[in-house]
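Read-outs: derived from the displayed coordinates by stated rules, not from any lab. All values reported here derive from a predicted model rather than from experimental measurement. Cβ: placed from backbone, ideal geometry, glycine included. Neighbour counts: every protein chain shown.
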Amino acid sequence: MKLVYEAWLCVFAEKEQFTHSNHLIAVFIAFFELIILAQSSQFFWYPTLSISEWSTLKLFWESFNFASIDYAAVTNNLIRQFLLMEISLFSIAIISLFFIALLKSQNKVIPYFIISVSKYSLIALCDLLFIPTNIFFLLIIKYSSGKYTSIAEYDVILSAENFNYGTFGQVFGVIILCLICILTLFYEACSCDIRPRKNNKRVFAKIQAKINVITKCLQLFNCCAFISFQMVYYRAYLLIVFGMYFFVFCLYVYFTPYYWNYMNFLKALNNLDCAIISLSFFVGYVTDSAAVVLSMFLILQIPLIVICKEMLYYRMKKVIDFSVDFHRNFYIYEISLRKHLQDPNIKSKIMKKMNENFVWTKNNINLTIQAYYCFDVLKNPILGLNKISGLKISWFNIFEGFQIYKCKSLLTGKCLETSETLRLLYYFIDFEKSKSTDEKFCELYYKFLKEIMKQEPNFKILKTYVSKMMIKIRKLRMNYESILDKFPAAPEVKEYYGSFLLYIANDTLLGQEFLKEARDEGNFVSRQCFRTTLCAIQNRSYAVFSGEKKSLGKIIFYNKNLLNLLGYTNETIEGVYLDSLIPMNVKIAHKKYLKKYLNDTLTHEVFTGMTLFLMKNDGFLVECISNCEIVANGDSVSFLCMFDPVEAKNHEFAIIDIDGVIINHSKDFAKILAINRKILEGKLLKEFINFDMDDIEIGENFKVNCLSTYAKLTGVVRRLQIKSTIFNVFYISDDEFSDTKDPTYSQRYDTITDSRFEMRIKSATYEKVKTNQLTDGQSCSRHSRSNYSASVTFLNGNEAQALAKAIKVLNIAKIVLIIIIIVLIACSISSLAYISSEVNHSNSLTAFTHLSDLSYVISETALILRTIDICLKEKIPSVLNITHVNENLIKLVSLQQIILEDYNSWSYCKGSQIVKENIIPYWDLQPEPVLLYTSLHNIIGDIIKHANTIISKMLNNDFEYKKSMFFIIYNSLGMTLTKVSKSINSLEKCEMSRLEHLTTVKTYLLIIAVSLTGISILFIVYYLTGVDKCLNALWEYLKRRVFLCFHDVRRALKIRFMKYHNRDNIKVMDFNEDIKFVSLSFKHSLRYLIRFTPLFLFAGVFYIIASFIIYENIHKFLIQRPKLLSSIYSRKVMAIELFFYTVEAQVQETEYSLDYIYP
């Protein structure tokens, strides 16, 4: 889901204005809303509305419909073009989003062209064309059912077949509509910009998008109603939509979501206007007058504008001051804040009240607005990021989740550009991940060593270990180099990476170079550093404390200097909280104040350059100069603290209360007082020296006598205040303090200026600083000098030649196997394609079917005309009429063209000559019967011509069609029919022969396929058997190298575990020291053959099933098809002939018989 948010954020990161003129923008937005209004107006009427004067005034309402592209497409018969446009637009939106997500996942630069195409296609699909698109696909769903003959939604005569795509159309329409709805939901949520601005730079910015989504739901409901029940329940529908539009209008007035009031006005007016249009049609329908509808609509337009404007003005007038009523819903409370969100002078009041509102409402958008306020007005992106970092990014509530993600992304980017603190935190996080990966790699390396040194190692396990090791070592290199790219002078990282390369990865030159740089960096001196910064210093201690509620104050990151400073180890510091590191007198209330500070702070800096006292692991205090900042860390905040120890000589200190009771003290405090006990906590100071708090002045030196040795000492009491907490610190020394204002001042800076190194951080916003780090060219040369083998792993000539040969053989093996598999697949596909085409031909038999239909239609036409002729002459009613003849003639016209088009499909058969060659005999009355010859195509035309002549004369009660009737009867039921029947019989024999040929070809193809498969199996078996030797040579080399340097590698791993991963009790290396070299002999060929066996088994099973089941059944059933069609044809023609002879038998003795007419 993160990648989805990334893609949408890329598309709608900035809404650039096409002009800086607010007037031009206002005109454009008004035109846009007018289009939406015009599209919505078609919901309130239908073409056959039954009210008076509707036919006259309908043209006015139809003029609005041209804003809806679906209406223009239907009326201009451009349905398929509009469908293609919609599918293209939808595809462009989806594909462009996919490409943006793909490029984002690979951290590639996204071309502006793709972003623009995605943005404007989404605006068109989900906003401007939302109503036409939904109507169009709903029409496809409705008319694809096949239940309708014409379209009723538009005032045009159009067949429903234009929208009928069958079951596919219904399924496709539902899927597209669902996807469009999902896209629209994301579009409204992600295009919403909640960031407040001083001016109208972002005219589309709004506090929430939910009201826009409600509007889209209303439009979708209207589209569904327009297609389904609008005409049936017209009155109820108008009342329902009136209430719905008026409700949305009230939402826009009450919540005023847009920061620009002009946008609120247009949105509210649009919905109010739709409500009035629906009300106007309801009144007009009740009063049965279209004039009432038009009059109400036109008369109320100006009052509607005034009403809408005044209601918005009244709503803003009733806004309560933000400092009074802060417990309301944040979307309401924000209205009172809106005009103050650009004022930095009342920042404390605004932040306080917004925090109080968040306590009441728990609305995450509240903190998001606070974060933008910190960034835009207070110019403190770090504080803004801290405010929002505690919010979880919801992947389901996209209205809040996307806005949080968007704000976090913006502020994180800005902080990384400007905040060294955040980059330092990322340094700790990345370094910790790299150390974890380093440790896992070492564990995996050990397991590999242990397995390969076995007498009989498991090949599968070895292969898995090698594969994982290669992946992890690439990842580890990438992690370390990524950190060094951002922090080129980080000595600890260089030490870790250099030691890994030198002792584990056997990259000698590069490892030594990194270790040398790590030592050199420790001696680098920068005279431009101060202890009031969070830069890295050689002896500086770092700690990151959790700011999350559940683990507030817990140490989550630290460096080695902190462990040395406080006397902890990696094991003992785990789970330590900040409360354990502070003096006892502030422990109780510290966590409470910490929570309050996180909620109320207006800065990210907790303190800078402040003297603090930390509790060591042994219970004594150590004095430090400290800096601390709050910085975002994932879904929470953290405290990043820096501690510089004060290394002053000859003085000790203790924290005392107002009565002089010692609360905590430094390690040698008792020693300087010559007391034999180490801990003096809870004791009065005057028990050891002549000291009285009432007689001293804060900050002034004074002399005291040690009661046990009577030695003269110098003391001073300093008062230290941290926020509201006050400390009394008593310093004591056997020398004079050099500065009465601060007894540690002179020592504080003397000890740091010579030990400073600066951790350079690459940033596009900072100038490059000249340090002793490598240049880009030197870095390349450093990698080019990298050597990935230790001295014990050099190859001799024979070994190098054997390895090269093995690798070459393996590469050839891959190519050969790929070629064999491709050949097998190609053979199978080509065989299936040939057989499928033949089966499809035999299954369809289009020429056979069309010839049969032609014969039947010709004979039926003759029968009908003869029957009508007899009935007309005898003046008796007939069941058959001229309509039946016309229907047959339409079929004949179609079949005449189809027979000609089918010629190529059966031209291989001798019987196809009748289509184009003049070999069909026919009789013509001139005035005596004459035998002539023509083609099938021509004689069909003659039959149609003579039939039309007969029909024309019958309609005029003219019975002089003797010649035409002769042609129809003696050719349709005579020699022509006989010739066509012979062609059908010839085609039947051809199809039978073709099927027999298919069976023979199938057998040959099967033999070839089996032969190729067998040869492939033999070749693969032979080749893989030869590969065994090459592959074992590789494993043999690997094991020999491991055997030669095994003890060195084991020792290096053990040292690394102990020194760098703090695993002093490591026992993973304890296995038998007496290791003997045993050659490896894996059966690679057998493993590969087992893997290829399913492929060949599948091919064999496929051929068996295809040969003995599929192909045999195909032959068995397809060979019956021509016989079946031939039988059906002969039965149909025989039935027509029987009917014809029955009719003739009834008039045989009359003057209407054929013998009498044509003697």
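Would you mind checking the pairs Lys616/Lys678; Lys216/Lys318; Lys554/Lys596 and listing those with alpha carbons more than 20 angstrom apart? Exceeds cut-off: Lys216/Lys318. Restricting region 1-100 to chymotrypsin sites (Phe, Trp or Tyr not before Pro) that sit in a DSSP loop and have at most 14 other Cβ atoms within 10 Å of their own Cβ leaves Phe18.
Of all aspartates and glutamates in the structure, those lying under 16 Å Cα to Cα from Lys953, and not within fewer than 8 positions of it along the same chain, are Asp869.
Please sort 390-399, 104-113 by packing, taking for each peptide the average over its residues of neighbouring beta carbons within 10 angstrom, highest first.
Values: 390-399: 15.4, 104-113: 10.4.
So the order, starting with the most tightly packed, is 390-399, 104-113.
Enumerate by residue number the chymotrypsin sites (Phe, Trp or Tyr not before Pro) in region 946-976 meeting two conditions: DSSP loop (anything except H, G, I, E, B), and at most 16 other Cβ atoms within 10 Å of the site's Cβ.
Working: sites: Phe959, Tyr961, Phe966, Phe967, Tyr970; in loops: Phe959, Tyr961.
Answer by residue number: Phe959.
The Cα-based radius of gyration of region 420-524, divided by its Kirkwood radius, gives an Rg/Rh of 1.07. Ranking Thr368, Pro381, Ile350 by how far each Cα lies toward the positive end of the dipole of region 321-416 (charges on Cβ) leaves Pro381 at the top. Cross-link partners of Lys104 among aspartates and glutamates, defined as those whose alpha carbon lies under 14 angstrom from its own and excluding same-chain residues fewer than eight positions apart: Glu6. In this structure, the amide hydrogen of Ser52, modeled 1.01 Å from its nitrogen in the peptide plane, lies closer than 5 angstrom to those of Ser289, Ala290, counting only residues at least 5 positions away or on a different chain. Between the amide H of Glu548 and those of Gly553, Val637, distances stay under 5 Å, these residues lying 5 or more places away or on another chain, with hydrogens modeled in the peptide plane. Put the Cα centre of region 903-938 next to the Cα centre of region 386-434 and the gap is 86 Å.
May I ask you to give the average projected area over all directions of the convex hull of the Cα atoms of region 85-204, in nm² rounded to one decimal? Before the final figure, lay out the partial values.
On the way: hull surface 40.9 nm².
Mean projected area for region 85-204: 10.2 nm², to one decimal.
Here is the result for region 481-524: no chymotrypsin sites (Phe, Trp or Tyr not before Pro) lie in DSSP coil with at most 13 other C-beta atoms within 10 angstrom of their C-beta.
Going by neighbour counts of Cβ atoms within 10 Å, the residues Glu647, Glu513 line up, fewest first, as Glu647, Glu513. Determine the distance separating the Cα centre of region 559-635 from the Cα centre of region 233-269; give it in Å without decimals. After rounding, the separation between the Cα centres reads 55 Å. Stokes-Einstein diffusion of region 2-227 at 10 °C, 1.306 mPa s viscosity, Kirkwood radius from Cα pairs, rounded to a whole number: 82 µm²/s. Could you tell me which of rounded, prolate or oblate describes region 321-416, using a ≥ b ≥ c as the square roots of the eigenvalues of the alpha-carbon gyration tensor, with rounded for a/c under 1.5 and, failing that, prolate when a/b is larger than b/c and oblate otherwise? Oblate is the answer for region 321-416, as a/c is 1.5 or above yet b/c matches or exceeds a/b.
Taking amide hydrogens as placed 1.01 Å from N in the peptide plane, the amide H of Lys616 sits under 5 Å from those of Leu621, Val622, each at least 5 positions away in sequence or on another chain. Any idea how far the Cα center of region 309-375 sits from the one of region 102-151, in Å? One Cα centre to the other: 37 Å.
Please give the peptides 1053-1060, 420-427, 700-707 ranked by average Cβ packing (other Cβ atoms within 10 Å per residue), highest first, as a rough proxy for protection. Let's see the in-between values first.
On the way: 1053-1060: 16.5, 420-427: 21.0, 700-707: 14.8.
Sorting 1053-1060, 420-427, 700-707 by mean packing, highest first, produces 420-427, 1053-1060, 700-707.
Report the relative contact order of region 2-227, percent, no decimals, based on alpha-carbon pairs under 8 angstrom and at least 6 residues apart.
Details: 209 pairs, mean separation 51.1, N = 226.
Contact order relative to length: 23 percent.
Beyond a 24 Å Cα-Cα separation, which of these cross-linked pairs lie in this structure: Lys317/Lys353; Lys550/Lys587; Lys210/Lys379; Lys392/Lys435; Lys309/Lys339? All intermediate terms of the calculation are to be shown ahead of the outcome.
Numbers: Lys317/Lys353 21 Å; Lys550/Lys587 18 Å; Lys210/Lys379 30 Å; Lys392/Lys435 27 Å; Lys309/Lys339 19 Å.
Going by Cα-Cα distance, Lys210/Lys379; Lys392/Lys435 fall outside the 24 Å limit.
Just to be sure I understand the curve: with the Debye formula and one point per C-alpha of region 607-655, what is log10 I(q)/I(0) at q = 0.18, 0.19, 0.23 Å⁻¹? Debye output, listed in q order: -0.66, -0.71, -0.89.
Each peptide among 120-133, 870-883 gets the average number of other Cβ atoms lying within 10 Å of its residues, and from highest to lowest they stand as 120-133, 870-883.
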